[in-house]
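Notes to accompany the following structure.
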Amino acid sequence: MSRTRVISPEELAAQRPYTNRIREYYAFLLPEHPPLAFVRTYGCQQNVSDSEHIKGMLAAMGFGFTEQADEADLILFNTCAVREHAEDRVFGNVGALKNLKRRKPHLMIVLCGCMVQQEHIAQKFYKSYPFVNLIFGTHVLYRFPELLCGVIEEQKRRVEIPSEDGNIAEGIPVVRDGSFKAWLPIMNGCNNFCTYCIVPYVRGRERSRDPEAVIAEAKELIAAGYKEITLLGQNVNSYGKGEAHGVNFPELLRRINALEGDFLIRFMTSHPRDATKELFDTIAACEKVSRHFHLPFQSGSNRILKEMNRHYTREQYLDLIAYARSVVPDISFTSDVIVGFPGETREDFEQTLSLIEEVGFVSLFTFIFSPREGTPAARMDDPVSAEEKVKWFQEMTALQESLSAKRTAAMVGETKKALLETAVGDFIEARLPDNVIVRVKGDAAMIGKHALVRITEAKSWILLGEIKQIL
Ligand code: SAM
Ligand code: SF4
Ligand code: F3S
């Protein structure tokens, strides 16, 4: 049974008067120029996408945007809780705002996102950082105008982190960061409860957007000239599960693939448990779906995978990769992996190394286990020292680097379609379908276009190439 509650257009429209009142407040407070907002995002693409919606709401309130925190009238940090390091950075960066607030008393400081959805963190900010005006959690993003208006009109600090979840809000305005690459959230939350992970606690239960809403947004993006659309969710493979509409992830891909236009569909993140043969068959049949697949494996040891509550074995993971390669021969893989999960032994770790060798990933996102309060793994015995974990971590990254170097060396001489993304001096960094970056000569006017690129040289950290044809 679906517990998804779509925020009705009426509920969203109820935010409009607050938006207007904030606009009037700032027009009166700062008659010389529109107020400026500085928005900083921590964490994953879900948060980046949420920040684009926050910017949409701020723009509707009359805000312009600045990259300089010291010229802002409102500073908002959209926070991440996934590892301790992410949280430490936020504590440090919020602490550093104290002096700014002293110099500029009207400065509004707002914290939102996954980190502050945790009650103990929200309380810590409220008690120890009295210059923070508003703290709100992940489930009330669409009520940002109402919450901010309350703080302004009542001249009172506010914490709003209700634990009820299941909301999907359609129609929040959006200011996108990119002009040719777009994020398109298709679902929210996670039901997997991997034992190390805080996400299900701070993002709530898994719920999917209606396929019609997703398709409509995809159409808008294509019409606006976006060349790459990345479908987002913590576990996109379980899109549609438990929802009445009956559209699963492969079907959603097929429907988007059928839309007219020259664009590439990417998606993240996939969970091996839910990545089905149907999904790989669909990728094989859909020419607009990227041949790059991000499939986190987390550990190569069956014992640790069980402790992590991942619901697949090393053998099942390798079978999936083999099946994918049999139906999509040019598919490439990246992955996430954790070193130093509680109780991991040298033998377990070596299983991880051997899996890395066996698969041959394009690249890896590698993490040292970070205990998260409230998760089962944080309470498990963890006898391996931090120094030992760092050594293993370095061993693993060195292995991946040598495998990546071999792989890129073998690409020299090939010609591939690439998206010209970022200007760096006289060069452009272009992204190949498998997510590897190739540096080519070119100028900023080419940014956002596809090109055929010939790989001419493989450096240890980057590929060099030349543009053969702009597409
Ligand atoms: N839902 C995605 C998945 O299952 O792969 C992504 C989850 S998380 C945002 C991204 C990555 O962070 C995970 O794949 C995992 O490798 C890592 N991660 C999550 N919790 C962690 C923890 N407590 N310590 C270290 N790494 C962690
Ligand atoms: Fe976290 Fe696991 Fe959910 Fe990914 S699938 S968000 S790692 S609980
Ligand atoms: Fe971080 Fe929340 Fe994403 S915890 S990784 S921002 S879902």
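Just so it is clear, none of the values below were taken in a lab; they were calculated from the coordinates. The structure presented is a predicted model; accordingly, all values stated were derived computationally and were not measured. In this analysis, Cβ positions are derived from the backbone assuming ideal geometry, glycine residues included, and neighbour counts consider all displayed protein chains.
Here are a few things to note about the model shown:
- Taking the DSSP beta bridges with both ends in the chain, the antiparallel portion is around 35 percent.
- Simple point charges give the picture: +1 on the Cβ of Lys and Arg, -1 on the Cβ of Asp and Glu, and for the chain a dipole about the Cα centre of about 540 debye.
- About the Cα centre, charge dipole magnitude for region 269-346 (Lys/Arg +1, Asp/Glu -1 at Cβ), debye: 200 debye
- Taking the chain, the Cys residues with no second Cys beta-carbon under 4.7 angstrom are CYS44, CYS80, CYS112, CYS114, CYS149, CYS190, CYS286.
- The lysine pair count for region 1-127, using Cα distances under 23 Å and pairs eight or more places apart or on different chains, is 7.
- If you look at the Cα atoms of the chain, you get an Rg and a Dmax of 23.1, 66 Å.
- Using θ = phi - 60° in the Karplus curve 6.51 cos²θ - 1.76 cosθ + 1.60, the 3J(HN,Hα) couplings for region 436-453 round to 7, 8, 10, 9, 10, 6, x, 10, 4, 5, 8, 4, x, 9, 8, 8, 8, 10 Hz; x is entered for Gly and Pro.
- Rounded Å value of the spacing that divides the Cα centres of region 422-446 and region 250-316: 27 Å
- The H on the amide N of PHE267, modeled in the peptide plane, is under 5 Å from the matching H of LEU231, each at least 5 residues off or on a different chain.
- Reachable lysines, given that their alpha-carbon falls under 26 Å from the alpha-carbon of LYS417 and they are not under 8 places away in the same chain: LYS181, LYS219, LYS227, LYS288, LYS406, LYS441, LYS449, LYS459, LYS468
- Residues whose placed amide H lies under 5 Å from that of THR422, excluding near-sequence neighbours: GLU429
- C-alpha center-to-center spacing [region 104-157, region 76-91] in angstrom: 15 Å
- The rule of thumb for compact globular proteins, 2.2 N^0.38 Å, goes into the C-alpha radius of gyration of region 1-138 1.10 times.
- Karplus-derived 3J(HN,Hα), 6.51/-1.76/1.60, for each residue of region 342-352, Hz, glycine and proline x: x, x, 5, 9, 4, 5, 4, 4, 5, 5, 5
- Fraction of the pair-distance distribution of region 93-201 above 20 Å, Cα-Cα pairs, percent: 52 percent
- Unit charges at the beta carbon, dipole of the chain: most positive-side option, LEU305, PHE249, MET61: MET61
- Sorted fewest first by neighbouring Cβ atoms within 10 angstrom, GLU414, GLU421 come out as GLU414, GLU421.
- Relative to the compact-globule estimate of 2.2 N^0.38 Å, the Cα radius of gyration of region 407-458 comes out at 1.04.
- For PHE333, distant residues with modelled amide H under 5 Å away: PHE293, VAL362
- Dimensionless Rg over Rh [region 6-47; C-alpha; Kirkwood]: 1.13
- Counting only residues at least eight positions apart within a chain, or on another chain, the lysines with an alpha carbon under 29 Å from that of LYS306 are LYS241, LYS277, LYS389, LYS391.
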